[in-house]
Amino acid sequence: MNFTLTTLGTASARPMVDQHQSAHVFNVHGRLFLVDCGENVQVQLKRYGISKARIDNILISHLHGDHLFGIFGLLSTMALDGRIAPLYIYAPRDFGPVLRFFMAHFGEGVKYEIRHELLTMKEPQRIIEFRNCEVTAFPLQHRIDCFGFRICYLKSGQSAAYCSDTAVFPEEAEWLSGTDLIYHEATFADEHVDLAHKMFHSTAREAAQVAAAAGAKKLVIGHFSSRYTDLGVLLSQAREVFPESYLAEEGKLFEV
Ligand SMILES: [Zn+2]
Ligand SMILES: [Zn+2]
């Protein structure tokens, strides 16, 4: 068994025919963490052979629709599948009313417990420690409350982090220091750096600067704006700074 990242969605706000919205699975030696639930997440899980039944922990970075619209379908299908195991959803405070709405209107067949664990931290804080896995959450810099995650396998010291959506900020590289694999959003290319800052997003080059400053071994960039038909531009701008940069591709497995 290994420690891997599978990207299920590489798009940003607008889904495309071949690019879905944000959803990612970290497999930590057999333990799965689903990070963000963009539209179509359950179809993407099926497409790439990842069993919903093995997911007990969902991490939601923030409440923009491109990271959340898939959760209702996923929760409903888990109920149809006869799930009884509790499901832990780590999400910002505003997820509370969303979950209550779901349960009020669609929750009749849900026989399993859904526990909303609040993300409110102002600096890195451990949220999960279980069977040699440790997950830390930390605040990002976006237009609404948004959180990143760092997952560490304590036995080997291997680690991976997820940063979407965010503008880069001074503490970021320090908080990610020594992380082996960093997934970082790279919504924009150099030519749209002003727009990136205005919208609290990052360019591919900025993501690479964070990876370099953190001393990472590998960077995976994703959350691409639909305006770019050639993602190679984003990749080459990242690689100018950090050669071990890779484009997220749906279904592709990255080893930590
Ligand atoms: Zn987004
Ligand atoms: Zn967002």
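Values computed for the structure shown
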read-out: Separation of the HIS29 and TYR48 label points, Cα + 7 Å toward Cβ, nm; value: 2.2 nm
read-out: Helix-derived mean residue ellipticity, 222 nm - over the chain, DSSP H n ≥ 4, -39500 (n - 2.57), to 500; value: -6500 deg cm²/dmol
read-out: Net lengthening on full extension, ASP94/GLN125 (0.36 nm per residue, minus Cα-Cα); value: 9.2 nm
read-out: Extension gain (nm, one decimal) between ARG115 and GLU244, 0.36 nm per residue minus Cα-Cα; value: 42.7 nm
read-out: Backbone HN-Hα couplings from phi across the stretch 143-148 [Karplus 6.51/-1.76/1.60, Hz, Gly and Pro as x]; value: 6, 10, 3, 8, 10, x
read-out: Members of LYS46/LYS252; LYS52/LYS122; LYS155/LYS252; LYS52/LYS111; LYS52/LYS252 lying beyond 20 Å, as alpha-carbon distances in this model show; value: LYS52/LYS122; LYS155/LYS252
read-out: In degrees, nearest ten, helix 204-214 long axis to first principal axis of the chain (Cα); value: 90 degrees
read-out: Residue-by-residue Karplus 3J(HN,Hα) for the stretch 102-116, coefficients 6.51, -1.76, 1.60, Hz, glycine and proline x; value: 4, 5, 5, 9, 10, x, 4, x, 7, 9, 9, 7, 10, 9, 8
read-out: Added length on full extension, which subtracts the Cα-Cα distance from 0.36 nm per residue, PHE69 to VAL17; value: 17.1 nm
read-out: Residues of the stretch 221-238 with amide N under 14 Å of the 7 Å Cα→Cβ point at VAL193; value: 237-238
read-out: Amide H contacts under 5 Å for GLY9, placed H, 5+ residues apart; value: ALA23
read-out: C-alpha long axis of helix 232-241 to longest principal axis of the chain, angle in °; value: 70 degrees
read-out: Radius of gyration, Dmax [the stretch 125-256; alpha carbons; angstrom]; value: 14.2, 45
read-out: Pair GLU171, ARG227: separation of 7 Å Cα→Cβ label points (nm); value: 3.1 nm
read-out: Listed residues THR229, VAL210, ILE128: farthest to the positive end of the dipole of the stretch 128-249 (Cβ charges); value: ILE128
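All of the numbers you see were taken from the coordinates with simple rules; none came from a lab. Source: prediction; values computed, not measured. Note that each Cβ is placed from the backbone with ideal geometry, even for glycine, and that neighbours are counted across all protein chains shown.
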